[in-house]
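Engineer: Before I ask anything, let me first share the structure, which is written out below as structure tokens.
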């Protein structure tokens, strides 16, 4: 019960900050809300017993990526006030209507399907990790270096591609 | 109940106070050490040999006017010093000052908690400290603080990579991320890891200097260039928070270095039986002693070395330290598999 | 070697290993060679691709699961890897002169091409959502950068940004859908997904996941209404990249689509068939109608490729072995026709001519008759006129639809092909009946000539004698999960 309360509290906060991220005019504030959002998600991971993931979430997203966001924001958009959207092609109302329709639909589906029980799936997923002994870090390490070795290694190529791409696009004189 | 809540709370209160007192006296120590190096006396007026100077400083800072510059981003301006201070303090939660001891008939560990991702926790929490710096400079709505905060955060991010890489090789050595586990593995190996990983230690120490914005890497606070640094526009207690956070971070780096490389609360030569009489000295005092050695070196370096230039700093970080750190991880890994 | 891994696991991904090593080799060669000798890089890249192709050949008859169930090394994967490598080869052949004219950095360019190919190969053989996604991401990131490779060109910048934003968004949708599938089944393995989900009661959440996945893939194959990015990106990206994107990325996305839906979700066919039916009809119609009014060849080919995504989706809707076979055949033929058409456009790019407007083709027949004839053939083939390869491809697709009972779909497809002929023929009209365009003479570099020859040969030979292709595709299609049973009923 207590767990449920904490979960729903966290989830509500996460969603609230997510909304703030996209609704704030000031880019720096938006980035800050994003940081808070990431920290709250990290707490969710801790609740699920995934401390390693939580630490990595904080380290990589909050401590690394958003800092770079802030960097770019400060270097690029120093003095200009936040632009108001005046593009006549922006179909705000239509977009809003479609988005709310989708939201309603999703909500309806979730409410409808919440009655059906899908517990076996969750237990199956839990069982997948349980056969490896040791703490959180060991489990993730074992999975990454055995079962998921191939995607793990391909991800390194992916990062290399991204890195080279960043250099190609950013370097002035080639 | 007592074990679960009262004792940890007590420990947190004691630790926070101890750290804050240590921080304020570290400032005095710095002034004294630099004065000594420069053949001066340093603060002498307040109390015998200036021993009460930190208290006078605190009173001064607290009673000063708290200015928020015009057109500053109030909200962020207020939050920034807090965002620097909090990560610096909560890191102490996982630092083991000593093993479990008997106190009033209870077995009490001399650390707040020992989590199995301890080291990772330190790295990730410490990485949040950069927000206060970057936002403090930005929110001041002032030219020099912004430049300074950009410098500081670029420096922090760059050196964080190298430092984290050395931590990876330390994890390989210890086989665990738990801080207590790392200390105990040094007991098992009868070896302080500084002797097994001198390269990692050197990189960690240099990176530590850079991450705390200390000389010779104190570009963000280069008064001659930036009129003071990212906290130029701050005054009173908010300035004090930035100031304290910097020193708290020095203590963090020193105690992490002690734990990782100097055997934490272990006595010297933990494997030599003949030195067992050293165990009579409480374990935590070994920890404090080693940490203060580090802190002294920090101050010594500040009094001795001239400042780096910014591009030199970046070159050192990216082109020297990071490759060496990666190489060190590879070598450690290979050695670990082969031996 | 990690516990539970054997040498076989590494042998099975030998082509990918060769390609990865080769890509890194290109980077190293790039650093070591002087600026003037960068032409060497094209040769290295070609060598890598050929080596990968050779490494791939032993796997034509293999049907196994490698890397702890993450990769399927089967005929289906073999066929698609063949398609990707062929595409990459022709792209590299047509790139070298273009790179010189535009003054691009060759090393990074070829590296990214190779990495995109690598990603595609993992998409084709991945039978785990994670492998598929990582492969997709590798391909996509490489393409985002390649699209923006003409840095001083604003259109190229726009292309990169648009492709990146919409691509990231669509990947998000796809990932969300995949996470729902995982949440409902507790497995990321596509084949297990099929058995687990089939045994469960049908959950309404499943539909959400399905829709998300369809939308995510829809973006990647540029099916209407997820096609908005395609014309701008195709127009702005460097032309060889556009060619690679329009063929390679599309083929890989279709491979992923087939894996996911035919192997992973066959029991939901009654749900996704109507979705793809709508997508197919809309793509064909909107793509062809929009192509009618384009004056820029790359834009026109972009809309034409949207229409072709529609034709290809017919094979998915058919949901039969014949449909899969037809799709695979069509994709391979599409490689030749589309790459050939783009090769001609690349050739038009000279120091003083951008070469991507329809009027730049004016009088091509009088200036460079071979290229004009080749272009004529590619256009007729894309339009699907009888003696060409394109006709064979469309014939199989439509017959697959009819066989599965989607007669209206076939009718709409045929009508659309008729409409499309208008704008394909218009290109021919420009080449033969208009005044010559100005500009320096058109020359084909040797590698470009080879590229054109390969494309033309493929389009001609398979148009006249499609049997070996058909047999290969049919055999390859067998290995894909749920539809294997129907194969024996096929005859040609």
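Since every read-out is calculated from the coordinates, none of them should be taken as a lab result. Here the structure is a predicted model, which means the values were calculated and not measured. Neighbour counts are summed over all protein chains in view; Cβ atoms, including those assigned to glycine, are modelled from backbone coordinates with ideal geometry.
Engineer: Taking the alpha-carbon set of region C:118-213, what are its Rg and Dmax in Å?
Structural biologist: In Å, with Rg to one decimal and Dmax whole: 16.4, 56.
Engineer: Here is a further query. What whole number of Å gives the distance from the Cα centroid of region C:453-473 to the Cα centroid of region B:120-158?
Structural biologist: Answer, in whole Å: 61.
Engineer: Could I ask something else about it? How would you order C:213-224, B:68-79 from highest to lowest mean count of nearby Cβ atoms within 10 Å?
Structural biologist: C:213-224, B:68-79
Engineer: Shape of region B:96-212 from its Cα gyration tensor (a ≥ b ≥ c, root eigenvalues): rounded if a/c is under 1.5, otherwise prolate when a/b > b/c, or oblate?
Structural biologist: oblate
Engineer: Give the shape of region B:2-71 as rounded, prolate or oblate, defined through the alpha-carbon gyration tensor: a ≥ b ≥ c are the square roots of its eigenvalues, a/c under 1.5 means rounded, and otherwise the shape is prolate if a/b is larger than b/c and oblate if not.
Structural biologist: Oblate shape, in that a/c is at least 1.5 and b/c is the bigger or equal ratio.
Engineer: With the crude spin-label approximation of a point 7 Å out along Cα→Cβ, what separation in nm comes out for residue B:86 versus residue A:69?
Structural biologist: Distance between the two pseudo-spin positions: 1.7 nm.
Engineer: Moving to a separate point now. Considering every residue in C:104-112, what mean count of other chain Cβ atoms within 10 Å of its Cβ is obtained?
Structural biologist: 3
Engineer: Another question, if that's okay. Let me have the 222 nm mean residue ellipticity of chain B computed from DSSP H runs of 4+ only, each contributing -39500 (n - 2.57), with the sum over all residues rounded to the nearest 500.
Structural biologist: Roughly -21000 deg cm²/dmol at 222 nm, from the helical runs in chain B.
Engineer: Considering the Cα positions of region B:1-119, please state its Rg to one decimal place and its Dmax as a whole number of Å.
Structural biologist: Expressed in Å, the Cα Rg and Dmax of region B:1-119 come to 19.3, 58.
Engineer: Next question. So what is log10(I(q)/I(0)) for region A:1-78 at q = 0.24 1/Å, when the Debye sum runs over its Cα atoms only?
Structural biologist: At q = 0.24 Å⁻¹ the computed log10 ratios are -1.07.
Engineer: Using only the Cα atoms, what convex hull volume per residue in Å³ does region C:216-366 have?
Structural biologist: Given the Cα convex hull of region C:216-366, per-residue volume reads 99 Å³.
Engineer: So if we plug the beta-carbon distance of residue A:102 and residue C:271 into 1/(1 + (r/R0)^6) with R0 = 22 Å, what FRET efficiency do we get, rounded to 0.05?
Structural biologist: The calculated FRET efficiency here is 0.80.
Engineer: Starting from a Cα-only point model with no solvent, please compute log10 I(q)/I(0) by Debye for chain C at q = 0.09 1/Å.
Structural biologist: -0.56
Engineer: Next question, about the same structure. Going by alpha carbons, how many degrees (0 to 90, nearest 10) lie between the helix axis of B:143-174 and the longest principal axis of chain B?
Structural biologist: Taking the Cα atoms of chain B, the angle to B:143-174 is about 0 degrees.
Engineer: Along Cα→Cβ, 7 Å out, is where each label goes; now give me the distance between the ones at residue A:18 and residue B:34 in nm to one decimal.
Structural biologist: 4.9 nm
Engineer: Divide the volume of the convex hull of the Cα atoms of chain B by its number of residues and quote the answer in cubic angstrom per residue.
Structural biologist: 157 Å³
Engineer: With bins 5 Å wide starting at 0, give me the P(r) of region C:340-492 over every alpha carbon pair, in whole percents.
Structural biologist: 2, 9, 15, 17, 16, 13, 10, 8, 6, 4, 1, 0
Engineer: Just want to confirm a number: the relative contact order over region A:1-78, from Cα pairs under 8 angstrom separated by 6+ residues, in percent.
Structural biologist: 27 percent
Engineer: Return the ratio Rg/(2.2 N^0.38 Å) for the protein assembly as shown, where Rg is computed over Cα atoms only.
Structural biologist: After normalising by residue count via 2.2 N^0.38 Å, the value is 1.07.
Engineer: If you average the alpha carbon positions of region C:165-240 and of region C:42-119, how far apart do those two centres end up, in angstrom?
Structural biologist: 24 Å
Engineer: Another question, if that's okay. Please report C:151, B:290, B:64 as a ranked list, fewest other C-beta atoms within 10 angstrom at the top and most at the bottom.
Structural biologist: Ranked by crowding around the Cβ, least crowded first: B:64, C:151, B:290.
Engineer: Next up: Angle check, please: helix C:369-383 long axis (alpha carbons) against the longest principal axis of chain C (alpha carbons), in degrees 0 to 90, nearest 10.
Structural biologist: Here the helix axis deviates by roughly 30 degrees.
Engineer: If we count other beta carbons within 10 Å of each Cβ, what is the order of B:235, B:149, fewest first?
Structural biologist: If I rank by nearby Cβ atoms, fewest first, I get B:235, B:149.
Engineer: Mind checking C:300-306 for the average number of partner chain beta-carbons within 10 Å of each residue's beta-carbon?
Structural biologist: Other-chain Cβ atoms within 10 Å of each residue's Cβ, averaged: 0.
Engineer: Based only on other Cβ atoms within 10 Å, what is the fewest-to-most ordering of B:214, A:25?
Structural biologist: Going from sparsest to densest Cβ surroundings: A:25, B:214.
Engineer: Can I ask one more? Quick check: residue separation of residue C:443 and residue C:36 times 0.36 nm, minus the Cα distance between them. What number comes out in nm?
Structural biologist: The residue C:443-residue C:36 span can extend by a further 144.4 nm.
Engineer: What's the angle, to the nearest 10 degrees (0 to 90), between helix B:198-211's Cα axis and the longest principal axis of chain B?
Structural biologist: 20 degrees
Engineer: Could you give the spread of the C-alpha atoms of region C:326-429 along their three principal axes, from largest to smallest, in whole angstroms?
Structural biologist: So the three principal-axis extents are 53, 23, 22 Å.
Engineer: Which peptide among C:232-240, C:280-288 comes first, and what is the full order, when sorted by highest mean count of other Cβ atoms within 10 Å?
Structural biologist: Final packing ranking: C:232-240, C:280-288.
Engineer: Per residue of A:141-153, count partner chain C-beta atoms within 10 Å of its C-beta, then hand back the mean as an integer.
Structural biologist: 6
Engineer: Can you tell me the convex hull volume per residue for region C:290-338, based on C-alpha atoms, in Å³ to the nearest whole number?
Structural biologist: Each residue corresponds to 58 Å³ of Cα convex hull volume.
Engineer: With the cut-off at 1.5 for a/c, could you classify region C:271-360 from its C-alpha gyration tensor as rounded, prolate or oblate?
Structural biologist: Here region C:271-360 falls in the oblate category.
Engineer: When the Cα centres of region B:223-300 and region C:322-391 are compared, how far apart do they sit, in Å?
Structural biologist: 71 Å
Engineer: If you don't mind, there's one more thing I want to ask. Only Cα pairs under 8 Å and at least 6 apart count here; give the relative contact order of region B:31-144 as a rounded whole percent.
Structural biologist: 27 percent
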